[in-house]
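Reviewing the structure listed below.
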Amino acid sequence: MSKLKKAMEKAKVARNVVSPDFIKDEEGLSAVLGHYAEKHAQVRKEISPTYSRTRIVDIDERVLEKNKIVSLFHERAMTDQLKILRTQVLNRMKQLGANSLLVTSADPGVGKTLTAINLAVSISQEVDQTVLLVDADLRTPSIHRYFGLDISKGLADYLLHQAELPDLLLNPRIENLVVLPAGNGLPNSAELLGAPRMESLVKEIKGRYTDRFIIYDSPALLSCADPLVLSGFVDSLLLVVEAEKTSTKDIRQAFEVLREKTIIGTVFNKAKG
């Protein structure tokens, strides 16, 4: 049995998570969330969706490991830290009655997209959750590359009325996870993301399934208007910063820009010690 298949089997029974105030993995990553909610106890109904129009694509587990999509590989210490992050995010989102989350950062290149992907994969392993991961970075799409996929169409094509949503959705053979890639990069992304067609799409995918959790990966907050535009449609935001790279000034500016938005916490990436 391959590592990927073993990981999928383990995911069905591995539900032990904790919520420390400060976490750290072997590479020095630490994740800090500013808000916590008590763990809830409830009877869960296991979900096993079937896909009709959603395209199922094969992925290479070696590509996943190389690109640090570690949520599927339970022998990795970092996977436990992602489970902690998952638990804190889900608890806070439940407290808010929310199911859509925008992952952004103050500056580019701080691990924002990888955080969004690993969080989505980790949440998909919950027995009562399905996840839609949306690449809303229409300027520099990258989620498909992390999965080792050669994709030419996606969200951009839908917004340009050149494709219908069901024809763009992908299942990378990870149970309960569907990906909406961005497609080719576009220079006028802010205008498209702020258009009524995008607002309608967000509302439609948010309300269609009660068990669905939606994660949007967006560009860096201080580099363009895209995440601020998209933040008007989603429930909450998660901010990713990098130790010794993201300046205090940029963090303050990011929080100032988002002062009227619901930020559930901050992921502090690549901390040393």
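Does at least one position in region 104-120 carry a residue that is under 20 Å from SER189 (Cβ atoms), surrounded by fewer than 17 Cβ atoms within 10 Å (Cβ to Cβ) and in contact with a strand residue (DSSP E or B) (Cβ under 9 Å, 6 or more places away or on another chain)?
For region 104-120, residues under 20 Å from SER189 (Cβ atoms), surrounded by fewer than 17 Cβ atoms within 10 Å (Cβ to Cβ) and in contact with a strand residue (DSSP E or B) (Cβ under 9 Å, 6 or more places away or on another chain): present.
When you go through (1) at pLDDT below 95; (2) assigned to a loop (DSSP other than H, G, I, E, B); (3) at negative phi one by one for ALA182, which number turns out not to apply?
Answer for ALA182: the failing condition is (1).
Can you tell me which residues in region 107-132 are under 28 Å from THR246 (Cβ atoms) and either touching a Gly at 6+ places or on another chain (Cβ under 7 Å) or in a loop (DSSP other than H, G, I, E, B) (or both)?
Within region 107-132, ASP107, PRO108, GLY109, VAL110, GLY111 meet the criteria.
Of these, HIS144, HIS161, which one is more than 18 Å from the chain's Cα centre (by Cα) and either assigned to a helix (DSSP H, G or I) or not hydroxyl-bearing (Ser, Thr, Tyr) (or both)?
Details: HIS144 fails: more than 18 Å from the chain's Cα centre (by Cα).
Residue meeting the stated conditions: HIS161.
For region 144-151, indicate whether the set of residues that are under 19 Å from GLY207 (Cα atoms) and either among the β-branched types (Val, Ile, Thr) or surrounded by fewer than 20 Cβ atoms within 10 Å (Cβ to Cβ) (or both) is non-empty.
For region 144-151, residues under 19 Å from GLY207 (Cα atoms) and either among the β-branched types (Val, Ile, Thr) or surrounded by fewer than 20 Cβ atoms within 10 Å (Cβ to Cβ) (or both): absent.
Can you find even one residue in region 72-83 that is under 15 Å from the mean Cα position of the chain (by Cα) and in contact (Cβ under 8 Å) with a residue 60 or more places away in the chain?
Checking region 72-83: at least one residue is under 15 Å from the mean Cα position of the chain (by Cα) and in contact (Cβ under 8 Å) with a residue 60 or more places away in the chain.
The values are calculated or read from the model by the stated rules, or taken from the named source; none is laboratory data. Remember, predicted model here, so these are calculated numbers, not experimental data. Heads up, the Cβs are rebuilt from the backbone with ideal geometry, glycines too, and the neighbour counts pull from every protein chain shown.
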